[in-house]
Amino acid sequence: MTVSNARKGHAAVGLATVLAIGVAAGAKADPLNVTYPPSRALPDIARWLGNDTPLQLSQVVDVGPSAVTAVTSSTPTGSPRGFKANISAEALDPAIGRQEEIVSWTIPVDVDCEKRQVRLGDMTGYPSRDLKSAPRIVRSADNAWVSPSATAPLGAVLRSLCDRDFRRPFAGTARMAAKPAEPPKPAKAAGPPPVVLTESPPTAPQPLTAAVTRTAKAIPSPTPAPTSASTSKAGHGTSSSVVQVGASPSQDDAKSLLARVQKRFPDALAGFKTEVQTAQLEGKTVYRAVINGFAGQADATTLCEQLKAGGQACFVRR
């Protein structure tokens, strides 16, 4: 094994440990030009998340000594009760950036609520806070299921999706001001647009364990969506068919997704309506982000194909 490969192997194991077990690395100087919260107090972390990261406070499920972990999308899988979700994390410990050369990462997750187990897809790391620039696979997938500790970040991910009484770290503070309260200045535009709910495409993400690294084919990065889609040829009407672009246990996430889809595809969505529909699945409330107002199911399919061509996952529901 070369020195470079050995280093990558240690990086993968280190990040897996942070995610699965919640072990903090020793704080050292971060060579990357990225920011960190001024302290580990929740108000400081909240303002930092709003200013410098794409994560929303309502998405955060765990704030640990090493990283902030968020569930950015989730789709129920039915029976056995579970979810396919995507999680994102922002490093709080500068040592992670120094050792792993990344400060944030994303991972697709399969969650089995009945067995209280999870398995993860490829871990994609980023050297900046935007969760999109210069992605690289830092840990490959594995098919094994693992049972995370309730106090670990993955344990928080499982509990946030499976337990109705789970309380998120920033519950009740989702609208906390994104900038410090000093000194008073004229209101300014919000920070960078958040990475919100983006439902996984029909093909399931490659599963992997949080504790063991194995060689697997890397999942290619999704094709960036164009700023606007071509003019929709789908007909308008009162059909019961809808195009679902995502679902989440958070109503705010579902609303944010619809707003983002409208902004990305203004021409394709012209004349159609968007709404958040509430559904009960296995005793858990799920909020579906849907587009409606089609002449028929074929028209809904036409629009969904246009969204897929632009990188937005969707499917037609009646």
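Each reported figure results from applying straightforward, stated rules to the coordinates on display, with no laboratory input. Computed from a predicted structure; not experimentally measured. So basically every Cβ, Gly included, is an ideal-geometry build from the backbone, and we count neighbours across all protein chains shown.
Got a sec? Which residues in the stretch 67-108 would a label at THR285 touch, if it sits 7 Å along Cα→Cβ and we count backbone N under 15 Å?
It comes to no residues whatsoever.
At a Förster distance of 51 Å, what's the computed FRET efficiency of VAL146 paired with GLN277, Cβ-Cβ distance as r, to 0.05?
In this case the efficiency is close to 0.95.
Roughly how compact is the stretch 242-317, stated as its Cα Rg over 2.2 N^0.38 Å to two decimals?
Relative to the 2.2 N^0.38 Å estimate, the stretch 242-317 comes out at 1.05.
Pull up all non-local amide H partners of GLN117: gap of 5 or more, or a different chain, and H-to-H distance under 5 Å with H placed in the peptide plane.
Under 5 Å from the amide H of GLN117 lie the amide H atoms of ASP112, each far enough along the sequence or on another chain.
Quote to one decimal, in nm, the extra length available between LYS115 and SER39 on full extension: 0.36 nm per residue of separation minus the C-alpha distance between them.
Separation in residues times 0.36 nm, less the Cα-Cα distance, equals 23.7 nm.
Of LYS132/LYS233; LYS84/LYS132; LYS255/LYS284; LYS84/LYS263, which sit over 24 Å apart, Cα to Cα?
The pairs that break the limit, which is 24 Å between Cα atoms, are LYS132/LYS233; LYS84/LYS263.
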